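**Q** My questions will all concern the structure given below.
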Amino acid sequence: MRVGLFVPCYVDAFHPEVGQATLELLERFGCEVEYPFDQTCCGQPMTNTGCHKESKATEELFVRNFKDYDYIVAPSGSCVNHIRNNFDAVAQTDDVKHVREHTYELVEFLHDVLKVDGFPWAEFPHKVALHNNCNALRGLNIASMTELREKKFSKPRDLLGMVKGLELVDITRPDECCGFGGTFSVFEEATSARMGQDKARDQAKSGAEYVTSSDSSCMMHQEGCAKRLGLPTKYIHISQILNGERV
C-alpha cells in the first residue's frame, strides 16, 4: 500500500514532530510512505475566507503531487475535510476525484482502513481529555455528535483505549468549538479568545493532565489560552501518543 504523507502548513512550521510521528506510525503498520517534497498548502485558508478562485492553483498542485498514491494521509481533520468536501476550485477530473476519495485523516485511516487492533509499543500513564476538531467531527464523522440523536461512537476514543495506562476523562461540553477556526481567530480575535478560554477551563476542570486531538491547529489555540490563564494542562497530538512517545 503506497501512502502519500501530507503534512499541513502549520504542522510543518510549528509542530514538525507531529509529521514525524505520523510517518513512523504508518510505517509501523507496514505502509510504504512517501513525502512529496513539492507539496504546499491544500488551499483551505483561501477557501475558508471565500477566496475560492485563489485556491485553484494550490489545489491543482496538490492533485499533481498526490494523484498516484493509493491513499493520502494527513494528521489534520480540517485539511482533510477541505480536500474531501470542498475541493471545488478545480475541474473534477478522474485524478481530482481519486484524491478526494482517498484522502484520510490519520485517526480514520488507522480505524477504518487499516483497522488496527493494538499499539503494543505505546504507554501513556496520564489522564487525557479528547478534543474533536469541528471539521473532523461534523465533516468527517470521526465521532457521534451530541446535538444529534445517534448511537454514540468515537474513533479516536477507540484508538486511545488501546494505549496502556491512558485514562480518558470527560469534559462538560465535548463538542463545543474552541474558537480557533483558522482565519476566524484573526478577524474575530476577542470572540475566538473567549471561546478558547472557556474550552481550556473546561479541560482543566476535568482533571486532565493532557489534552489530545487529531488537529494541532486547535491545540495551539487552546494551549495559548491555557498558558495565559495559568492552567497546568498540557497538549499533545494523538499521533504522538499512538506512536509511543514518552513525556
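**Q** Give, as a single signed number, the net charge of other residues whose beta carbon lies under 11 Å from the beta carbon of VAL107, with Lys and Arg counted +1 and Asp and Glu -1.
**A** -3
**Q** Work out how much length ALA91 to GLU32 would gain on full extension: take 0.36 nm times their residue separation and subtract the Cα-Cα distance, in nm to one decimal.
**A** Here the segment from ALA91 to GLU32 would lengthen by 18.3 nm.
**Q** What GluC sites (Glu not before Pro) does the stretch 70-165 have in DSSP loop regions with at most 14 other beta carbons within 10 Å?
**A** Those satisfying the criteria are GLU147, GLU150.
**Q** Would you pull out the residues with amide H under 5 Å of VAL211's amide H, same chain only if 5 or more places away, H placed 1.01 Å from N?
**A** When sequence neighbours closer than 5 places are left aside, the close amide H contacts are ALA129, LYS234, TYR235, ILE236.
**Q** Skip the ligands, DNA and RNA, and give the accessible area per residue of the chain with a 1.4 Å probe, whole Å².
**A** Counting only protein heavy atoms, the per-residue value for the chain is 47 Å².
**Q** Moving on. Taking 8 Å as the Cα distance limit and 6 or more residues as the minimum spacing, I'd like the relative contact order of the chain as a percentage.
**A** 21 percent
**Q** Here's a follow-up. Note down the relative contact order for the stretch 121-230 as a percent, whole number, built from C-alpha pairs under 8 angstrom at least six residues apart. Please list the in-between numbers first.
**A** Values: 152 pairs, mean separation 38.3, N = 110.
Computed value for the stretch 121-230: 35 percent relative contact order.
**Q** Can you tell which of ASP170, ASP112, ASP38 shows the greatest fluctuation in a Gaussian network model of the chain with Cα springs below 10 Å?
**A** ASP38
**Q** How large are Rg and Dmax for the chain when only the alpha carbon atoms are used, in Å?
**A** 17.4, 51
**Q** Sticking with this structure for a sec: For the stretch 47-77, state which chymotrypsin sites (Phe, Trp or Tyr not before Pro) are in a DSSP loop and have at most 12 other beta carbons lying within 10 Å of their beta carbon.
**A** Details: sites: PHE62, PHE66, TYR69, TYR71; in loops: TYR69.
Passing sites in the stretch 47-77 do not exist.
**Q** Determine the relative contact order of the stretch 175-234: mean sequence separation of Cα pairs under 8 Å and six or more apart, normalised by residue count, in whole percent.
**A** Details: 64 pairs, mean separation 22.0, N = 60.
This gives 37 percent for the stretch 175-234.
**Q** Summing Lys, Arg as +1 and Asp, Glu as -1, what charge do residues with Cβ under 11 Å from the Cβ of HIS98 carry, HIS98 excluded?
**A** Result for the local shell: -2.
**Q** Specify the longest stretch of the chain that does not include any exposed loop site, a site being one of the trypsin sites (Lys or Arg not before Pro) with a non-H, G, I, E, B DSSP assignment and at most 11 other Cβ atoms within 10 Å.
**A** For trypsin sites (Lys or Arg not before Pro) (loop position, at most 11 other Cβ atoms within 10 Å), the longest site-free span of the chain is 1-114.
**Q** What does the extension gain come out to for THR40 and LYS53, with contour length at 0.36 nm per residue minus their alpha carbon separation?
**A** 3.0 nm
**Q** In the stretch 144-200, which chymotrypsin sites (Phe, Trp or Tyr not before Pro) fall in coil by DSSP and have 12 or fewer other Cβ atoms within 10 Å? List each step's numbers first, then the result.
**A** Working: sites: PHE153, PHE180, PHE184, PHE187; in loops: PHE153, PHE180.
Sparse-neighbourhood loop chymotrypsin sites (Phe, Trp or Tyr not before Pro): PHE153.
**Q** Under 15 Å Cα to Cα from LYS227, which aspartates and glutamates show up? Leave out anything in the same chain fewer than 8 places away.
**A** Once the sequence-local aspartates and glutamates are set aside, what remains near LYS227 is ASP198, ASP202, GLU209.
**Q** Another one. How about LYS152: which aspartates and glutamates have a C-alpha closer than 18 Å to its C-alpha, ignoring those fewer than 8 places off in the same chain?
**A** Within the straight-line limit of under 18 Å, LYS152 reaches these aspartates and glutamates: GLU108, ASP112, ASP170, ASP175, GLU176.
**Q** Would you mind counting up the charge near GLN222? Only other residues with Cβ under 15 Å from its Cβ, with Lys and Arg at +1 and Asp and Glu at -1.
**A** Local net charge: +1.
**Q** Each residue of the stretch 181-188 in turn: what ³J(HN,Hα) in whole Hz from Karplus with 6.51, -1.76, 1.60 and θ = phi - 60°, glycine and Pro shown as x?
**A** Karplus values, whole Hz, x for Gly and Pro: x, x, 5, 4, 5, 8, 7, 10.
The values are calculated or read from the model by the stated rules, or taken from the named source; none is laboratory data. This one's a predicted model, so the numbers in the text were calculated from it and none came from an experiment. Note that each Cβ is placed from the backbone with ideal geometry, even for glycine, and that neighbours are counted across all protein chains shown. Side chains are part of the model used for accessible areas, which takes the heavy atoms of the whole protein and leaves out ligands, DNA and RNA. Shrake-Rupley method; radii C 1.70, N 1.55, O 1.52, S 1.80 Å.
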